[in-house]
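First the structure, in the form of structure tokens, and then the observations on it.
The values are calculated or read from the model by the stated rules, or taken from the named source; none is laboratory data. Because the structure is predicted, anything quoted here is derived from the model rather than measured. Note that each Cβ is placed from the backbone with ideal geometry, even for glycine, and that neighbours are counted across all protein chains shown. What goes into the accessible areas is simple: the full protein's heavy atoms, side chains included, and nothing from ligands, DNA or RNA. Shrake-Rupley method; radii C 1.70, N 1.55, O 1.52, S 1.80 Å.
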Amino acid sequence: MTARLVTAPAVDVGMLVRRPPDEVFEALADPSVTTRFWFTRSTGRMTEGAELAWTWEMYGVSSKVWVDEVRPGRVIRFRWDGYDPVHPTTVRFEFTPYQGDTTYLRITETGFTGDDGTQVSRALDSTAGFTFLLSSLKAALEHDITLRVTMDAHPPDLPGPLE
């Protein structure tokens, strides 16, 4: 007997960032800031209707990005083809003002395709990736530290697990 998914897997991660919502928003909307801690190159700013390409040069990969919604200091919603160019997933960054001029940044991603195992694997990989993003963004904005978490997650020529 094979187990089947009851609900589609999704990403839902979040973290408190001790900076105002507008500053956290700008860190993700402005590629001159975002390239400090996530992707290494972008073809432009996150503006509603924009079609962008993001590149992670350390891995030799790029993703196409279609920006669907931008509400400054509140929401960025986009689709991207990171897992399946034919069926892009939808990502939402939600910036919630919190106590003392801080921001709770929630990131969700939905729309994973493939068989059940593929969907789960993609959701798990993406959960890890967005957790790296949250941690790196927090370090950059709160402490002016550039973490290399995204770059160091998959170092080249790393041997497999020990047996």
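Between residues in region 108-130 that are within 17 Å of residue 6 (Cβ to Cβ) and residues that are among the charged types (D, E, K, R) and exposed (fewer than 14 other Cβ atoms within 10 Å of the Cβ), which pairs lie under 8 Å by C-beta distance while being six or more apart or on different chains? Pairs that qualify, where the first residue is within 17 Å of residue 6 (Cβ to Cβ) and the partner is among the charged types (D, E, K, R) and exposed (fewer than 14 other Cβ atoms within 10 Å of the Cβ), are 116/4.
The numbered conditions (1) exposed (fewer than 15 other Cβ atoms within 10 Å of the Cβ); (2) of a type in the set (Gly, Ala, Ser); (3) at positive phi are all true for residue 111 except (1).
Kindly evaluate residue 58 against the criterion of being part of a loop (DSSP other than H, G, I, E, B) and under 21 Å from residue 148 (Cβ atoms). For residue 58, the condition - part of a loop (DSSP other than H, G, I, E, B) and under 21 Å from residue 148 (Cβ atoms) - is met. For region 34-64, a residue qualifies if it is in contact (Cβ under 8 Å) with a residue 60 or more places away in the chain and either open to solvent by 40 Å² or more (accessible area, probe 1.4 Å) or under 18 Å from residue 97 (Cβ atoms) (or both), and the qualifying residues are 36, 58, 59. The set of residues from region 114-141 being open to solvent by 30 Å² or more (accessible area, probe 1.4 Å) and of a type in the set (Gly, Ala, Ser) comprises 114, 117, 121, 128, 135. The residue list 24, 75, 67 contains one member that is under 26 Å from residue 102 (Cβ atoms) and in contact with a helix residue (DSSP H, G or I) (Cβ under 8 Å, 6 or more places away or on another chain), which is 24.
Residue 80 satisfies every condition listed in (1) at pLDDT 95 or above; (2) surrounded by fewer than 16 Cβ atoms within 10 Å (Cβ to Cβ) except (2).
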